[in-house]
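Written below as structure tokens is the structure these notes are about.
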Amino acid sequence: MTKWVYTFGSGQAEGSALDGERLGGKGANLAEMCNLGLPVPPGLTIIADACSAYYKNERQIAEELKVQVRAGIERIEEITGRRFGAGDRPLLLSVRSGARVSMPGMMDTVLNLGLNDETVQALGHDAGDARFAWDSYRRFIQMYADVVMRLDHEVFEEILEDEKARLGYEFDTEMTASEWQHVVSLYKSVIEEELGLEFPQDPEVQLWGAVGAVFASWMSARAVTYRQLHNIPEGWGTAINIQAMVFGNHGNSSATGVAFTRNPSTGDKSLYGEFLVNAQGEDVVAGIRTPQSITEEGRISSGSERPSMEKLMPDAFKELSRICSELETHYRDMQDIEFTIERGKLWMLQTRSGKRSTRAAMKIAVDMVDEKVITEEEAVLRIEPSSLDQLLHPTIDPRVAREVIGSGLPASPGAATGEIVFTAEEAVTASDEGRKVILLRVETSPEDIHGMHAAEGILTTRGGMTSHAAVVARGMGIPCVVGAGSMRIDARNERLIGVGVTLKKGDVITIDGSAGQVLKGDVQMVQPELSGDFGRIMQWADRARRMTVRTNADTPADARAARSFGAEGIGLCRTEHMFFEGDRIHLMREMILAEDETGRRTALDRLLPVQRHDFTSLFNVMHGLPVTIRLLDPPLHEFLPKTDEEIADVAAAMGMDAAALRLRVDALHEFNPMLGHRGCRLAISYPEIVEMQARAIFEAAVAAAHETGAAVVPEIMVPLVGLRSELDYVKERIDAIAGDVMAEAGMRIDYLVGTMIELPRAALRAHIIAEAAEFFSFGTNDLTQTTFGISRDDASAFIPTYQRKGIIEHDPFISLDFDGVGELIRIAAERGRRTRNDMKLGICGEHGGDPASIHFCEEIGLDYVSCSPFRVPIARLAAAQAVITNGASIGGHSKDGRDRKPSAS
Ligand code: PEP
Ligand code: MG
């Protein structure tokens, strides 16, 4: 029989932190804390495999599960001396989800389970506190009805608000036992009215209802969205933890809270957290009441008058601090902890590696290296490469005056500007239209997740640093200010009332997620400083890395930005992009539309100085680093005039008849331009284009060598080669021009001619193509397109459906398809090197900036990856992680010692 249930409690657990896959993160860490002898309420974990069994409705498993859960509960009864659903001392349970990775707020929880009309009385007697018992019962009904019976919790909130208004109370804490009892009867009647069902009194029925609902919440819409956003496989399922309740709502010596062992926003090494007196955990996370700070330091820095836990409950605080440092030392990482204090006694409900802003992640990793807790390599592994994006976000220019219209807590760093919108749907619509928005909510809930993702920034008027908005925004790297209590959101009238202003939907604000401020209008930003902790992590990464990181840059500005991010060369300069600016497009059009070679040459002669100037600037910026320039690639129609107006303009400029021009444009039309007259096919049809480009490159190399004193070794790349004879034809033209320019300049120019590998035929015939090509660069955008036979321009119409339906896991245009496209790359690399063993191999498709794809490139021994400038730091880090996780040696050169330059950072 499968072991479906693992128990823990009283200093002993059947599982441990190593069992995360089976027990889920929460279950594994509860077991671990128990083994460490920490105060954990006894409980049991139903393993995640039971989740899929639940979905398959497997009866036999259900029977086994019932027996094992029963035995587990008996153990909890023994430890606590309480009985589930009966007796003088009733045992109440919490039922919580716990997947392999944390999915904050995405799945359901039921607390206080086991209460009914009888046990509520016993609980009241036993606790000597009837008010507490009835408060717990009404909480249970509300939660159970919401999660299991699917009755919206707002119904209950309305009842409670009406009762409080009737009694003239402001706070829940003013309610007496009999008043809660009355609320319970109102809750039960509304369930009967709305659902025609009685609230279940049998604790066994309650238990299995809750277990079913928690399993079912794995497939809730918000959990599905979250998994899609975070690439979490559906097959994992969730485990369930059933634990003896401990009560934070047991009077003023009770409390509940969350703590981080270090500050999750700044990374500072000080305990950081929030708690609520006389409350249950959900109150903190839901942001219903604004919590108090755990430490005095935190209270002072937030300017709060309300006492800290350090002052209010000094003994529990001391124990919590001690346990926090014990846990951090044990796990060797910053922990995010949930706890409850029941009548002065501290209980640990959860620990896990804490989510943190990227800035905090950097600081914590660097500090832990300095504290000798982790190694430099571990520090490099602790940073999620794609999260570096957050650091590259602009912040508000410190020199500009700030017109502050509100302030709250600095929940997620960086600054963002946008139009204000009041719903998640509006945020999505506006962002689809290309508008930048700031999403305003009183507080967010998991239903808002798509809107949060679409927004530039998030502002809430309620909730603390651990509210849903704060946690989720930090994870997404979106600037966020929460709990801006000085502002009011009037969602019905789509207005935001700030200090001295009222703004309406569409008005622009800026939020500063690092300072917790809301500013009016658009505010000047500055680019981030990439030094300090960032610099140290990158230095360690560069030491570990084997592959070089280049950039895809078409302009000197791109190249400059990329170098400041540490690019060690240009892996792809798409020359066509140079032709779209200013007047150049006219010259290009004249060239394309010319009737004959003479006409083309006339236009090309005028393009030559322009190209030469561009290349010289690029070489100057790169100062001797390798630069790969690709010859003209796209189908010519991309440059052509389309509308009648454009045709008339071009015809006038060329002194041509508009109708004749229209005919010429029509003649150039292609049914399938991406598979048509493009790439080296253009060079073969119109060799004069190659000649102009090659001349511009070589003349620029001469000029730049004179200007900078650094020798330039241009790498000229021929696109879309499928046949060796294509490459031979183009290379011959390039070599001839090189000879001419060298003779004219009276100097030797070293250069390489290579090709992109972006067609399956080229990959398969790589050994033959390598006889002519001195380097290969994998153009994985086209290679993915041609391998799958999926148009890269039309893929977005159906790839998301494929992902949703589980046909593919990742979009192959974003993350490399290792099995198919990857196999072709592997073949081409092997065959190419068989012919030319010193052949330089790189990748320049979008995948060159994708961490998973970079791992693959490392695995097959490419020499470099090339990506857009802002992804250069991501690629540097991912390339280092690839080496470290492959267990290869650190700090060496590439296998053949090629293409390895010191980092530019
Ligand atoms: C590629 O195909 O991967 C590539 C880099 O070229 P482009 O995207 O310009 O077609
Ligand atoms: Mg391409």
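Mind jotting down the distance between the C-alpha centroids of the range 630-669 and the range 12-43, whole Å?
First find each Cα centre; the distance between them is then 70 Å.
Would you kindly find the accessible area of Asp657, with a 1.4 Å probe and non-protein molecules such as ligands, DNA and RNA excluded, rounding to the nearest 10 Å²?
Solvent-accessible area, nearest 10 Å²: 100 Å².
With the other protein chains left in place, how much accessible area per residue, in square angstrom, belongs to the range 106-187 at a 1.4 angstrom probe?
42 Å²
Give, as ranges by residue number, the residues of the range 755-795 whose backbone N falls under 16 Å from the point 7 Å along Cα→Cβ of Asp735.
Within reach of a label on Asp735: 755, 769-775.
For the range 565-706, with every protein chain kept in place, what is the accessible area per residue (1.4 Å probe, Å²)?
39 Å²
How large are Rg and Dmax for the range 393-526 when calculated on the C-alpha trace, in angstrom?
12.8, 38
Roughly what percent of Cα-Cα pairs across the range 255-356 reach past 16 Å?
Beyond 16 Å sits 52 percent of the P(r) for the range 255-356.
What's log10 of I(q)/I(0) for the range 517-562 at q = 0.22, 0.27, 0.32 Å⁻¹, Debye sum over Cα points only, no solvent?
With one equal scatterer per Cα and no solvent, log10 I(q)/I(0) is -0.96, -1.04, -1.08.
So if R0 is 35 Å, what FRET efficiency would Phe580 and Thr375 give, r being the distance between their Cβ atoms, rounded to the nearest 0.05?
Approximately 0.15, to the nearest 0.05.
By how many nm would the segment from Asp838 to Ala221 grow when fully extended, if each residue of separation counts as 0.36 nm and the alpha-carbon distance is taken off?
216.9 nm
Not counting ligands, DNA or RNA, and with a 1.4 Å probe, what is Glu744's accessible surface area in Å² rounded to the nearest 10?
Spelled out: Glu744, probe radius 1.4 Å, area about 120 Å².
Only helical DSSP H runs with n ≥ 4 go in: add -39500 (n - 2.57) per run for the chain, normalise by residue count and round the 222 nm mean residue ellipticity to 500 deg cm²/dmol.
Mean residue ellipticity, 222 nm, calculated: -13500 deg cm²/dmol.
When 1/r is averaged over all different Cα pairs and the result inverted, which Kirkwood radius in Å belongs to the range 573-684?
After inverting the mean inverse Cα-Cα distance, the result is 15.2 Å.
Would you mind checking the radius of gyration and Dmax of the chain based on alpha-carbon positions, in Å?
32.3, 103
With labels modelled as points extended 7 Å from the Cα through the Cβ direction, what inter-label distance (nm, one decimal) is found for Met1 paired with Asp152?
4.4 nm
Before anything else, pin down the relative contact order of the range 376-514: Cα pairs under 8 Å, at least 6 apart, normalised by residue count, whole percent.
30 percent.
Which lysines, on any chain, are close to Lys504 with Cα under 21 Å apart, when same-chain ones fewer than 8 places away are left out?
The qualifying lysines are Lys436, Lys520.
Accessible surface of Arg441 in the full protein assembly, 1.4 angstrom probe, to the nearest 10 Å²?
Spelled out: Arg441, probe radius 1.4 Å, area about 60 Å².
Distance between Cα centroids, the range 62-119 to the range 429-482: provide it in whole Å.
34 Å
When every alpha-carbon pair in the range 296-451 is counted, what percent end up more than 24 Å apart?
Across the range 296-451, Cα pairs with separations above 24 Å total 57 percent.
How large is ³J(HN,Hα) for each residue in the range 633-649, as worked out from phi by the Karplus curve 6.51 cos²θ - 1.76 cosθ + 1.60 (θ = phi - 60°), to whole Hz, x for Gly and Pro?
With the stated coefficients, the range 633-649 comes to 10, x, x, 5, 4, 4, 8, 7, x, 10, 6, 4, 4, 4, 4, 4, 4 Hz.
With the other protein chains left in place, how much accessible area per residue, in square angstrom, belongs to the range 393-526 at a 1.4 angstrom probe?
Ligands and nucleic acids excluded, the result is 39 Å² per residue.
More than 21 angstrom separation, counting every C-alpha pair in the range 1-119; what % is that?
41 percent
Treating the beta-carbon of each Lys and Arg as +1 and of each Asp and Glu as -1, no other charges, what is the dipole magnitude of the chain about its Cα centre, to the nearest 20 debye?
Dipole size: approximately 1860 debye.
May I ask you to derive the FRET efficiency for Ala86 and Lys66 from their Cβ-Cβ distance with R0 = 25 Å, giving the value to the nearest 0.05?
Computed FRET efficiency for Ala86 and Lys66: 0.90.
Relative contact order for the range 5-244: what percent, with Cα pairs under 8 Å and sequence separation of 6 or more?
27 percent
How much of the accessible area of the chain, probe 1.4 Å, is carbon plus sulfur, in whole percent?
50 percent
Taking R0 as 35 Å, what FRET efficiency do you get between Asp162 and Arg435 from their Cβ-Cβ distance, rounded to the nearest 0.05?
0.30
For a quick check: with amide H placed at 1.01 Å from N, whose amide H comes under 5 Å from Leu91's, ignoring anything fewer than 5 positions away on the same chain?
Arg83, Phe84, Gly85, Ala86
Quick check for you: which residues of the range 347-390 have the amide N under 11 Å from the point 7 Å beyond the Cα of Lys318 toward its beta carbon?
Answer for this model: none.
Taking the alpha-carbon distance from Lys164 and a cut-off under 27 Å, which lysines remain once sequence neighbours fewer than 8 residues away in the same chain are dropped?
Here the lysines satisfying the reach criterion relative to Lys164 are Lys188.
Would you work out the relative contact order for the chain, in percent, from Cα pairs under 8 angstrom that are 6 or more residues apart?
The value is 9 percent.
Going toward the positive end of the dipole of the chain, with +1 on Lys and Arg Cβ and -1 on Asp and Glu Cβ, which of Val523, Leu572, Gly303 do you reach last?
Among Val523, Leu572, Gly303, the one farthest towards the positive end of the dipole of the chain is Leu572.
The values are calculated or read from the model by the stated rules, or taken from the named source; none is laboratory data. All figures in this text were calculated on a predicted structure; none of them were measured in a lab. With ideal geometry, Cβ positions are generated from the backbone for all residues, glycine too; neighbour counts draw on all protein chains shown. Accessible surface areas use protein heavy atoms only, side chains included; no ligands, DNA or RNA. Shrake-Rupley method; radii C 1.70, N 1.55, O 1.52, S 1.80 Å.
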